[in-house]
Amino acid sequence: MLTKQEKRIKRHRSVRAKIAGSEKRPRVCVFRSNSHIYAQIIDDVKKVTILAANDSEMKAGKKSKVELAKAVGLALAVKAGEKKITEIIFDRGGYKYHGRVKALAEGLREGGLKF
C-alpha cells in the first residue's frame, strides 16, 4: 500500500516525463507543504532556477492559505514580467488542481502569464 506522499511522487514522475521547460517557455514548479506554498520558474534545458517565490515573503496578517497562494502567484508573475517571461508550462507537482494550487495558478494568470 502506497502512502499519500508516495502516490503524489508517482504522479509527479508521470507528469515530468511528459513536460519540460525551455528558455522561451519555462516550467513553473509548485511545492505545497501543510503550512507553506512555494513556486519556481525553471529552465529545464540549462537546468537552472530562474525565479522563485513563496508565502513566507508575503506579509501574512490575517490571510488564509488560499489567499497567500494567490499572492505568491501574483508575485511570481510580476517577477517573470520583469524578466520578460510571458508564457510558461504549469507543473502542479503531482498535487490535485484545486485549493491552493488552483489559487496559485489563478494568481499567475492574473499577473499576465499564459499557459
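Every number in this text was worked out from the coordinates using simple rules, so none of it is lab data. Quantities reported herein were computed from a predicted structural model and do not represent experimental measurements. Cβ placement follows ideal geometry from the backbone for every residue including glycine, while neighbour counts extend to all protein chains displayed.
Between Lys63 and Arg8, what is the spin-label point distance in nm, taking each point 7 Å from the Cα along the Cα→C-beta axis?
For the pair Lys63/Arg8, the computed spacing is 2.1 nm.
Where does the chain land at 222 nm, in deg cm²/dmol rounded to the nearest 500, when only DSSP H runs of n ≥ 4 count, each adding -39500 (n - 2.57), divided by all residues? Don't skip to the end; give the middle numbers.
Values: 3 runs with 44 residues, N = 115.
For the chain, the value works out to -12500 deg cm²/dmol.
So what's the gap between the Cα centers of segment 2-38 and segment 43-115, to the nearest angstrom?
Measuring centre to centre over Cα atoms gives 13 Å.
How about Lys96: which aspartates and glutamates have a C-alpha closer than 15 Å to its C-alpha, ignoring those fewer than 8 places off in the same chain?
Within the straight-line limit of under 15 Å, Lys96 reaches these aspartates and glutamates: Glu6, Glu106.
Aspartates and glutamates within cross-link reach of Lys102: Cα-Cα under 17 Å, excluding same-chain residues under 8 positions apart?
Cα-Cα hits under 17 Å: Asp55, Glu67, Asp91, Glu110.
Of all beta bridges DSSP finds with both residues in the chain, what is the antiparallel percent, to the nearest 5? Working shown, then result.
On the way: 12 of 16 bridges.
In the chain, approximately 75 percent of DSSP beta bridges are antiparallel ones.
Give me the one-decimal nm value for the distance between modelled label points at His98 and Ser56, 7 Å along each residue's Cα-to-Cβ direction.
It is 3.0 nm.
Out of these labelled values of Cα extents along the principal axes in Å, (i) 103, 55, 38; (ii) 35, 29, 23; (iii) 45, 39, 19, which was calculated from the coordinates shown here?
Read-out from the structure maps to (iii).
How much length is gained on full extension from Ile19 to Lys114, taking 0.36 nm per residue of separation minus their Cα-Cα distance? Could you put the intermediate results ahead of the total?
Numbers: separation 95, 0.36 × 95 = 34.20 nm, distance 1.58 nm.
So the chain would gain 32.6 nm between Ile19 and Lys114.
Could you give the DSSP H helices of the chain that reach 20 angstrom or more along their long axis (alpha carbon positions) and whose average Kyte-Doolittle hydropathy is no lower than 0.5? Walk me through the numbers on the way to the answer.
Values: long enough: 4-18 (22 Å, -2.27); 65-82 (26 Å, 0.75).
Those that pass (Cα extent of 20 Å or more, hydropathy at least 0.5) are 65-82.
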